[in-house]
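Structure record follows, encoded as structure tokens.
The values are calculated or read from the model by the stated rules, or taken from the named source; none is laboratory data. Everything numeric in this text was worked out from a predicted model, so none of it was measured. As a convention, Cβ positions derive from the backbone with ideal geometry for all residues, glycine included, and neighbour counts pool all protein chains shown. Just so you know, the surface numbers come from the protein's heavy atoms only, side chains and all, with ligands and any DNA or RNA stripped out. Shrake-Rupley method; radii C 1.70, N 1.55, O 1.52, S 1.80 Å.
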Amino acid sequence: MPQKILFLSPFFYPELISTGKYNTELAIELTKSGEEVIVGCSHPLYPDWKPNQSFEVLPKMTIIRGGSFLHYPRPAILRRLTLEFWFMCHACFVSFRYRKEIKTAIAVFPPSFFYLFVDLILPKSVKRIGIVHDLQGLLGLSGHGLVKKMFNWVVSMVENRTFNRCDRLVLLSNGMLKNVSDLYAVPKEKCRVRYPFISERFSAESQSNNLIEIMPREYLHIVYSGALGDKQAPDELITLFKRLNSIRNDVMCHIFSRGPVFDSLKNTESKIYFHDLVSAEELPELLYRSCVQIIPQKKGTSGGAFPSKLPNLLDAGVPVYAITDKGSDLDEILIRSKMGHCHYGWNQPEVTEKLSEYIDQVKLQSHTERKATSKGFVYDNFFIGALLSDIMD
């Protein structure tokens with residue numbers, strides 16, 4: 001029998017960043033199963049941290065957006081606090097309004113603070129499912145100041161209580177599972193590890209021809225695309241691109257992003273090309289024109305997050321060069337899929353040399369060939385069906 005499902009996250013359609021796409025695709029798949037989904041979310045705000053009013057609708061969904069009036073401060077800690085507190089109010093309003101109609105509540109973390117109050121509003125009979133995209137208590141804010149340390153401590157305390165109040169907790173990697181078990185004593189029997197699923201489909205027929213001027217055919221295009229924050233080690237990424245430019249004249253290094261960190265990096269180096277995020281229609285072309293896509297991670301953060309764009313890259317046959325921790329889920333997946341190379345740590349001479357070698361290794365192989373190689377692995381590991389079963393059983 002169809003049921004009503006409450007879905008709570010600030011990030012939802014038509015957000016451009018991967019968390020918004022993940023949430024949207026999951027909600028769509030739930031409606032395909034015959035369920036009605038009630039979404040409490042923000043107007044699109046990320047990665048600019050500037051709400052853009054949207055009245056977009058999707059079939060069999062009730063989307064209740066809020067926060068269009070907000071002005072997010074520039075300091076990261078104040079932005080985070082603003083998001084936490086206004087979304088707490090919005091999530092409580094939506095939960096109270098529909099508390100008697102729903103059978104299942106899905107909360108996507110972060111943010112996390114809202115759930116402490118939503119949990120009190122929802123009837124005990126409602127099944128509570130949490131999906132964790134980032135462990136903010138582990139990733140924290142950069143720096144060593146007293147205020148930042150206190151903030152990170154509070155976030156860890158909130159995550160501890162929030163995660164333990166869920167009936168089922170879905171993590172995006174085994175590294176995240178280990179950390180919630182070790183740091184927060186969440187029982188492993190109520191946890192599930194589900195890698196992100198494919199949310200974009202790549203085909204030669206769907207390619208636009210809008211990026212030819214910024215990505216000309218005579219160059220090899222090395223690309224970072226997506227949100228750009230502390231966990232992506234942006235300063236190290238810029239240094240890597242600078243060094244690569246200094247040893248090769250056949251590459252163009254691109255960053256497709258948006259937001260405060262992106263704005264602070266623009267124009268720091270003339271040979272690095274900064275672009276806005278591409279539209280959904282242009283994404284297949286961006287993947288097709290990418291010789292290599294970079295996934296950079298700050299040292300020690302791999303157990304707190306997993307790049308949800310990875311399945312789309314592998315499905316499209318795009319070579320991946322990752323800077324990550326040895327033994328991380330990302331490391332193991334790229335080794336098993338044979339679709340990328342991992343470098344451990346940010347020793348710049350080494351990471352640049354290995355990237356250059358990897359470019360030479362993959363530059364003559366087509367995405368179509370690589371896609372055929374990875375097809376079985378991708379569908380075995382990044383299938384949404386297992387996540388749907390976790391929610392519906």
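Tell me, what is a quarter of the convex hull surface for the C-alpha atoms of region 1-145, in nm² with one decimal?
Value for region 1-145: 8.9 nm².
Can you compute the charge dipole magnitude of the chain about its Cα centre, using +1 on each Lys and Arg Cβ and -1 on each Asp and Glu Cβ, nothing else charged? Give it in debye, rounded to the nearest 20.
That gives the chain a dipole magnitude of about 1100 debye.
Rounded to the nearest 10 Å², what accessible area does ARG165 show when all protein chains are kept and the probe is 1.4 Å?
90
Take every Cα-Cα distance within region 71-172, group them into 5 Å bins from 0 onward, and report for each bin the whole-number percent of pairs it holds.
2, 12, 22, 23, 18, 12, 7, 3, 1, 0
So, with +1 on the Cβ of K and R and -1 on the Cβ of D and E, and no other charges, what is the size of the charge dipole of region 5-66 about its Cα centre, to the nearest 20 debye? Walk me through the numbers before you get to the answer.
Details: 5 positive and 7 negative charges, 19 e Å.
The calculated dipole for region 5-66 is roughly 100 debye.
Going through region 79-163, which trypsin sites (Lys or Arg not before Pro) have at most 11 other Cβ atoms within 10 Å and a DSSP loop state?
LYS100, LYS124
What does the C-alpha gyration tensor say about the overall shape of region 287-363? Classify as rounded when a/c is under 1.5, otherwise prolate if a/b is larger than b/c, or oblate.
oblate
Any idea which of HIS71, TYR358, SER264 is furthest toward the positive side of the dipole for the chain, if Lys and Arg beta-carbons carry +1 and Asp and Glu beta-carbons -1?
Towards the positive end, the residue furthest out is HIS71.
In square nanometres, what is one fourth of the surface area of the convex hull spanned by the alpha carbons of the chain?
It is 18.8 nm².
Treat every Asp and Glu Cβ in region 56-164 as -1 and every Lys and Arg Cβ as +1, leave all other atoms uncharged, and give the resulting dipole magnitude about the Cα centre to the nearest 20 debye.
Using only the charged Cβ atoms, the result is roughly 200 debye.
Could you report the chain's accessible area per residue, 1.4 Å probe, as an integer in Å²?
Numbers: 17350 Å² over 393 residues.
Roughly 44 Å² per residue, with all protein chains present.
Ranked by accessible surface with a 1.4 Å probe, highest first, in what order do PHE69, PHE197 come?
Ranking PHE69, PHE197 by accessible area, largest first, yields PHE69, PHE197.
State the number of lysine pairs found in region 332-379 whose Cα atoms come within less than 15 Å, restricting to pairs 8 or more positions apart or on distinct chains. Write down the numbers at each step before the final one.
Numbers: LYS338/LYS371; LYS338/LYS375; LYS354/LYS363; LYS363/LYS371.
Number of lysine pairs found: 4.
In the full protein assembly as shown, how much of HIS341 is accessible to a 1.4 Å probe, in Å² to the nearest 10?
Solvent-accessible area, nearest 10 Å²: 60 Å².
Kindly state, to the nearest 0.05, the FRET efficiency for ASP167 paired with PHE85, given R0 = 25 Å and r defined as their beta-carbon distance.
Details: r = 26 Å, r/R0 = 1.03.
Efficiency for this residue pair is about 0.45.
Can you send over the carbon and sulfur percentage of the accessible area for the chain, probe radius 1.4 Å, protein chains only? The partial results should precede the final answer.
Numbers: 9260 of 17350 Å².
Solvent-exposed carbon and sulfur of the chain make up 53 percent of the total.
Using R₀ = 56 Å, calculate the FRET efficiency as 1/(1 + (r/R₀)^6) where r is the Cβ-Cβ separation of LYS100 and THR239; round to 0.05.
It comes to 0.50.
Starting with the highest mean, order 375-382, 282-289, 257-264, 359-366 by the number of other Cβ atoms within 10 Å, averaged over the residues of each peptide.
282-289, 257-264, 375-382, 359-366
Roughly what percent of Cα-Cα pairs across region 333-393 reach past 15 Å?
Details: 1190 of 1830 pairs.
Within region 333-393, distances greater than 15 Å cover 65 percent of Cα pairs.
Apply the a/c threshold of 1.5 to the C-alpha gyration tensor of region 258-393 and tell me whether it is rounded, prolate or oblate.
Rounded shape, in that the Cα axes give a/c under 1.5.
Cα-Cα over 29 Å: which of LYS103/LYS148; LYS178/LYS271; LYS178/LYS242; LYS4/LYS50; LYS178/LYS231?
LYS103/LYS148; LYS178/LYS271; LYS178/LYS242; LYS4/LYS50
Going by alpha carbons, how many degrees (0 to 90, nearest 10) lie between the helix axis of 76-98 and the longest principal axis of the chain?
For 76-98 against the chain, the angle is about 40 degrees.
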